[in-house]
Amino acid sequence: MRVLHVFKTYLPDTHGGIEHVIRQMCLATKGLGVDNRILTLSKHPVPERVEVDGITVRRVRQDFDVASTGLSLGAFKAFAEEAHTADLVHFHFPWPFMDVLQLLVRTGRPYVVSYHSDIVKQRNLLKLYAPLMRQFLDKAACVIAATEPYRQTSAMLQRLGDKVRVIPYGLDPASYPSPEQERIAEWKQRLGQRYFLFVGVLRYYKGLHLLLEALRGLDYPMAIVGAGPESDALQMQCERLELTNCHFLGRQTEENLAALYAGCESFVFPSHLRSEAFGMALLEAAMYGKPMLSCEIGSGMSEININEKTGLGVAPDSLAVRQGLIKLWQSVDLRTRYGNAARERFNTHFRSEFMAINLLKVYREALMRPSM
C-alpha cells in the first residue's frame, strides 16, 4: 500500500509536534507493509527530495505565507505527480492550502484526514474558510482524531459524526536515542541536580507566559527547550520578572533531548488553548516516566496526563500552575508515584504499534470506498 502524507512542514526543516506524529506514523506502518511518502513545503527546498528515516520527503518551495498558511504555486504539479503514484492520500489538518490542492487537483485517490487541532487563532479568516473546510472534510473517507475527549469537545468533529475514528498517537521508544549518563550529568551540572523541563515550539498557545508568571519568586530551575515566534517576548518577560533560574536552551539535538528528559525531575506543559490538541512532548515525558504538570482545557492532554494519577492537571492560569509546581517540587513520593503511573500508561495506551494497527484498518476502509 502506497500512502502520501501531505502537510505544510516536515523534518528536517521543522521539528513541531505534528511533524513528529507523521514521523511515528510512517515508521510504525512501514513495518506493516505501508510505503509512505511525504509532500511538504520548504523555504529552502534544496535538494528537492531528501530521505528522513528511510522515507522520501519531497519539498516544494513555499512562495508566500498568509496567516500561518504556507502557499506554493509549484505544489499543484508536485501534488498531482505524487498522488498519481499513491493508493491513498493522508492529509494532516489544519492547513487550508491543502484543501485547495485537493479541490483543484483531481487525483481520483481516496483520502483520509488527521484532524490535529481546531482552528483557534484565526477566527475571522475561519468564517471565510469554513465552507471549503466543510467540503474538504465531508469528502474524506475517514477523519482521524487523537483522543475521545477532543472528539467530544470539537464542534467540527461532532458535526462529522461516525466518519470520525479515534486513534491515539503513539511513540516507538526504539526511535529515540538512549540517554547517555555523561550528558545527563553535564546538564545537571549546568541546570541543577533538580530541574523542571518544558519542550516544544515557542508558540502563543503553549502557555509559557503563565509558567513564567507562576515562577515569580520561586527559585526552581526551569529548562525551556525549543525555539519559535514567542521566544523574544518570553525572554523579555523573564527579565521583567527577574527570574534568575530560568534557562532558554533553544533547539537541541535528539541526544541532548534524551538526556534532558531523563535527567529532569518533572515535566511542565502549560498549553492553555485548544490549538494544543494532544501534546507530543507530554507523551515523550510519559515515555520517560516523568511526573507531569499540564493544563485542563478539554484536549487530548488530559488523556496523557490524568490528574492525580500520572501528574497534575490544573486550570490554565498562573496561580494554578504555581500551586502545581510547588506541590510537585515538595513531594518525592508524589513524583515517584506519578512517574511510574505515567510510564505504565504509556506502555498500555500510547505505543506506536497500537497506532499502526488502527491506522492500517482506516487505510483499508478508505480504499474500499469510492474515490472523490
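Below, the figures for the structure above:
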quantity: Theoretical gain in end-to-end length, residue 80 to residue 218 [0.36 nm per residue, Cα-Cα removed]; calculated: 44.2 nm
quantity: Between 0 and 90°, nearest 10: helix 75-84 axis offset from the chain longest Cα axis; calculated: 70 degrees
quantity: Degrees, to the nearest 10: 231-240 long Cα axis against longest axis of the chain; calculated: 20 degrees
quantity: Estimated dipole of the stretch 171-244 in Debye, rounded to 20 [Cβ of Lys and Arg +1, of Asp and Glu -1, Cα centre]; calculated: 120 debye
quantity: Bridge type composition, the chain - antiparallel percent by DSSP, nearest 5; calculated: 15 percent
quantity: Residues 224, 357, sorted so that the one with the fewest Cβ neighbours within 10 Å comes first; calculated: 357, 224
quantity: Residue-count net charge about residue 149 - beta-carbon cut-off 14 Å; Lys, Arg +1, Asp, Glu -1; calculated: -3
quantity: Tally of Lys pairs whose C-alpha atoms are under 15 Å apart, taken over the chain, 8 or more apart or cross-chain; calculated: 8
quantity: Computed label-point distance, nm, for sites residue 175 and residue 368 using a 7 Å Cα→Cβ extension; calculated: 2.7 nm
quantity: Degrees separating the helix 318-330 axis from the principal Cα axis of the chain, which is the longest one; calculated: 60 degrees
quantity: Nearest-0.05 FRET efficiency for residue 30 and residue 163, computed from C-beta distance (R0 22 Å); calculated: 0.25
quantity: Segment residue 193-residue 255, extension gain: residue separation times 0.36 nm, minus the distance between their alpha carbons; calculated: 20.4 nm
quantity: Leading residue at positive end of dipole, the chain (Cβ point charges), from 295, 272, 60; calculated: 60
quantity: Estimated inter-spin distance, residue 106 and residue 240, nm [label 7 Å along Cα→Cβ]; calculated: 5.5 nm
quantity: Euclidean distance of C-alpha centroids, the stretch 1-54 and the stretch 232-298, integer Å; calculated: 25 Å
quantity: Burial ordering of 76, 196, fewest other beta-carbon atoms within 10 Å first; calculated: 76, 196
quantity: Whole-Hz couplings from phi, Karplus 6.51/-1.76/1.60, listed for the stretch 48-56; x for Gly and Pro; calculated: 5, 10, 10, 9, 10, 6, x, 10, 6
quantity: Exposure proxy ranking, count of Cβ atoms within 10 Å, fewest first, for 106, 134, 61; calculated: 106, 134, 61
quantity: Computed magnitude of the charge dipole of the stretch 174-349 (debye, nearest 20; Cβ of K, R +1, Cβ of D, E -1); calculated: 260 debye
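Only the coordinates and a few stated rules stand behind these numbers; no lab work does. Remember, predicted model here, so these are calculated numbers, not experimental data. Counting neighbours? That spans all protein chains shown, and the Cβs are built from the backbone with ideal geometry, glycine included.
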